[in-house]
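The values are calculated or read from the model by the stated rules, or taken from the named source; none is laboratory data. Given the structure is predicted, the values throughout are model-derived calculations rather than measurements. Reconstructed Cβ throughout: ideal geometry from the backbone, glycine too, with neighbour counts over all protein chains shown.
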Amino acid sequence: MKKILTLILIITYISCQSIKNKDENPNIVLIMADDLGWTDLSFIGSNYYQTPNIDKLAESGMIFYNAYASAANCAPSRASMLTGKYPTEHKIYTVGNSDRGNKKTRKLIPIKNNKILDLDFFLIPEMLKSKGYINGHFGKWHMGPKGFYPEDNGFDVNIGGFEKGGPGKGGYFSPYTNPMLKNGPDGEYLTDRIGSEVIKFIDDNKNKTFFAYVPFYSVHTPIQSKGEYEQKYLKIKGDENHNRADYAGMIQSLDENVGKILNKIDELNLLDKTLIIFTSDNGGIRAISNQFPLKAGKGSYYEGGIKVPLIFSWRGKIKVKSESFERVSNIDFFPTIKKIVGYEKKIKLDGLDLSPIFEKKKLVSRSLFFHFPIYLESYNVYLDNGTDPLFRTRPGSVIIKDDWKLHHYFEDNKLELYNIQEDISESKDLSEINKEKTEELFSDLNKWREDKKAPIPLKKNPEYDQKFVDSLNFLISNNNKDI
């Protein structure tokens with residue numbers, strides 16, 4: 001009888017420990033803005049945009065001042081974040097086709113782009129589901145057509161996630177043209193709606209362990225603010241970099257809804273049990289919001305296209321008002337969350353667990369890599385400040401190692417080397433001056449490309465026309481508005 005009682009006690013203890021361990025895992029709220037630039041927040045330095053709630057979140061945890069998106073535009077960056085793998089693995093390099101821009105201006109035939117995140121990839125929500133999480137997706141998906149939606153990839157709830165990269169033909173005001181979002185009252189603002197849906201999800205699951213992935217559509221084009229907010233910012237003086245009232249109004253709505261989510265977590269006394277991450281999928285569009293002192297913007301692999309805001313907050317686990325200058329990437333989210341929730345199965349991931357930084361430890365030495373074997377045409381030939389006026393970027397790769405950054409472009413094998421600690425604007429190419437460092441980084445980059453079997457476009461485009469390119473550049477240099 002004693003043996004039976006002892007056995008029952010042991011089983012009960014193990015069962016209770018199992019429940020306890022499950023409950024120790026935090027809720028996770030991952031908020032991702034769309035096309036929000038590095039300087040588009042007041043805590044980073046904007047004197048025009050007003051983001052008191054995001055600023056408060058930054059003060060509650062750790063700010064990463066050298067955080068990067070894994071790609072310079074939305075689909076590849078999101079795919080890499082969710083899989084923890086570089087774009088060379090899922091082969092999503094851009095949105096749509098890879099042969100962007102006028103065919104007469106492309107020297108090479110680009111690598112074909114993959115438009116679907118294959119269901120074979122194991123994603124963050126699928127890992128969390130195996131740990132007992134209930135998963136909600138709220139906002140932009142953009143990872144493939146119907147059949148590749150969030151609910152096919154580990155999410156229990158999907159509000160607003162479908163194949164489009166923007167809010168749809170109707171823009172930010174209801175009635176919407178989104179099959180995964182029921183219309184609200186006429187004139188309802190999409191960012192407000194998403195914020196309210198997240199709050200409802202948190203309320204409904206406050207006694208469970210939940211993952212809320214909140215990829216707001218804002219501040220992606222079309223630039224549409226609430227009318228009263230735009231009027232507010234028209235009365236506020238901007239500067240040469242930040243001055244669009246409608247864009248500022250969009251940022252205010254984004255900030256307000258981040259605040260609503262934070263307030264709900266606080267109201268339910270869940271701050272001790274909730275890891276909150278805030279970031280952007282890539283840099284801002286330079287013609288809309290100049291990210292000075294960073295060079296260029298969305299679509300470029302200069303700093304303005306890939307450097308993004310990043311905050312980690314978890315009361316009692318991450319020190320308030322802490323800062324990190326480590327160079328990190330959104331491919332690091334997966335291994336970090338994996339470590340935090342205690343998922344023990346081995347997964348081949350490209351990122352690093354960031355949790356040692358929360359304990360003031362250094363990450364192991366590593367480089368960050370970016371591979372873009374395709375073309376992305378200009379958004380504004382006069383304002384992009386990309387590789388040249390016709391393209392935000394041409395096919396190439398980038399490596400960041402410590403404070404050094406090397407660009408390699410495939411059309412002409414051009415190399416550019418910058419010390420991004422001393423020259424954050426990438427204004428002084430040191431490739432000819434510091435040949436030793438150039439060769440070191442180029443060797444590391446080549447080794448990584450070989451290891452990853454990274455596709456490199458080598459085939460010449462027979463339709464390339466140098467005279468046509470020269471004529472376009474002449475018109476641009478003479479400020480011809482018909483371009």
Quick check on T191: is it polar (S, T, N, Q) and not in a loop (DSSP other than H, G, I, E, B)?
yes
Just give me the residues in segment 155-177 being closer than 22 Å to S280 by Cα and assigned to a loop (DSSP other than H, G, I, E, B), in sequence order.
F155, G160, G161, F162, E163, K164, G165, G166, P167, G168, G171, Y172
Quick test for you: out of K115, K140, pick the one residue that is surrounded by 24 or more Cβ atoms within 10 Å (Cβ to Cβ), at pLDDT 95 or above and assigned to a loop (DSSP other than H, G, I, E, B).
K140
Looking only at segment 446-456, decide whether some residue is under 28 Å from P293 (Cα atoms) and touching a helix residue (DSSP H, G or I) at 6+ places or on another chain (Cβ under 9 Å).
no
Of the residues E436, E426, only one is within 30 Å of D402 (Cα to Cα), of a type outside the set (S, T, N, Q) and either crowded, with 16+ Cβ neighbours inside 10 Å or at pLDDT below 95 (or both); which?
E426
Condition first: over 20 Å from the mean Cα position of the chain (by Cα), within 22 Å of L458 (Cβ to Cβ) and not in a strand (DSSP E or B). Now tell me which residues in segment 369-396 satisfy that.
T387, L390, R394, P395
Within segment 346-398, residues charged (D, E, K, R), closer than 30 Å to K319 by Cα and in contact with a Lys or Arg (Cβ under 7 Å, 6 or more places away or on another chain) come out as D350, D353
Tell me which of these L190 doesn't satisfy, since it passes every other one: (1) out of contact with any Lys or Arg (no Cβ under 8 Å at 6 or more places or on another chain); (2) among the aliphatic types (A, V, I, L, M); (3) over 27 Å from Y93 (Cβ atoms); (4) in contact (Cβ under 8 Å) with a residue 40 or more places away in the chain.
(4)
Can you spot a residue in segment 180-195 that is at pLDDT 95 or above, surrounded by 19 or more Cβ atoms within 10 Å (Cβ to Cβ) and in contact with a Pro (Cβ under 6 Å, 6 or more places away or on another chain)?
yes
Can you say whether D353 is closer than 22 Å to I277 by Cβ and either among the aromatic types (F, W, Y) or surrounded by 17 or more Cβ atoms within 10 Å (Cβ to Cβ) (or both), as far as the supplied structure shows?
yes
Which is more than 20 Å from Y93 (Cα to Cα) and either crowded, with 17+ Cβ neighbours inside 10 Å or touching a residue at least 60 places away in the same chain (Cβ under 8 Å) (or both), of S397, S431, S365, S378?
S431
Hits in segment 275-331 (condition: on the phi < 0 side of the Ramachandran plot and basic (K, R))
R286, K295, K298, K307, R315, K317, K319, R327
Hey, among D35, D55, which residue is modelled with pLDDT of 95 or more, among the acidic types (D, E) and buried (at least 21 other Cβ atoms within 10 Å of the Cβ)?
D35
So if I check each of V198, V258, which one is in a helix (DSSP H, G or I), touching a Phe, Trp or Tyr at 6+ places or on another chain (Cβ under 6 Å) and closer than 24 Å to I340 by Cα?
V198
Looking at segment 58-85, which of the residues that are surrounded by fewer than 24 Cβ atoms within 10 Å (Cβ to Cβ) and of a type in the set (S, T, Y) is farthest from the chain's Cα centre (by Cα)?
S60
Any residue in segment 435-451 that is not assigned by TED's automatic domain parsing to the domain that holds E416 sitting within a Cβ distance under 7 Å of a residue that is among the aromatic types (F, W, Y) and surrounded by 17 or more Cβ atoms within 10 Å (Cβ to Cβ)? List the pairs, counting only those 6 or more apart or interchain.
none
Name every residue in segment 222-280 that is surrounded by 15 or more Cβ atoms within 10 Å (Cβ to Cβ), more than 19 Å from Y172 (Cα to Cα) and of a type in the set (D, E, K, R), in order of residue number.
K264, K273
Those residues of segment 397-450 which are part of a strand (DSSP E or B), aromatic (F, W, Y) and more than 20 Å from P110 (Cβ to Cβ), in sequence order:
W404, Y418
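Listed here are the residues, each with its yes/no results for (1) touching an Asp or Glu at 6+ places or on another chain (Cβ under 9 Å); (2) assigned by TED's automatic domain parsing to the domain that holds K146; (3) closer than 23 Å to I28 by Cα.
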position	(1), (2), (3)
Y172	no, yes, no
E188	no, yes, no
D192	yes, yes, yes
D204	no, yes, yes
K208	no, yes, yes
Are any residues in segment 294-327 hydrophobic (A, V, I, L, M, F, W, C) and buried (at least 23 other Cβ atoms within 10 Å of the Cβ), and if so, which ones?
L294, A296, I306, V308, L310, I311, F312
Counting only residues that are under 20 Å from D412 (Cα atoms), in contact (Cβ under 8 Å) with a residue 60 or more places away in the chain and either outside any loop (DSSP other than H, G, I, E, B) or in contact with a His (Cβ under 9 Å, 6 or more places away or on another chain) (or both), segment 457-477 contains a total of 5
Of the listed residues (L445, L383, L390), the one being surrounded by 21 or more Cβ atoms within 10 Å (Cβ to Cβ), farther than 20 Å from S70 by Cα and not aromatic (F, W, Y) is L390
Filter segment 406-423 down to residues that are in contact (Cβ under 8 Å) with a residue 60 or more places away in the chain and within 23 Å of the chain's Cα centre (by Cα) and give me whichever is surrounded by the fewest Cβ atoms within 10 Å (Cβ to Cβ).
I420
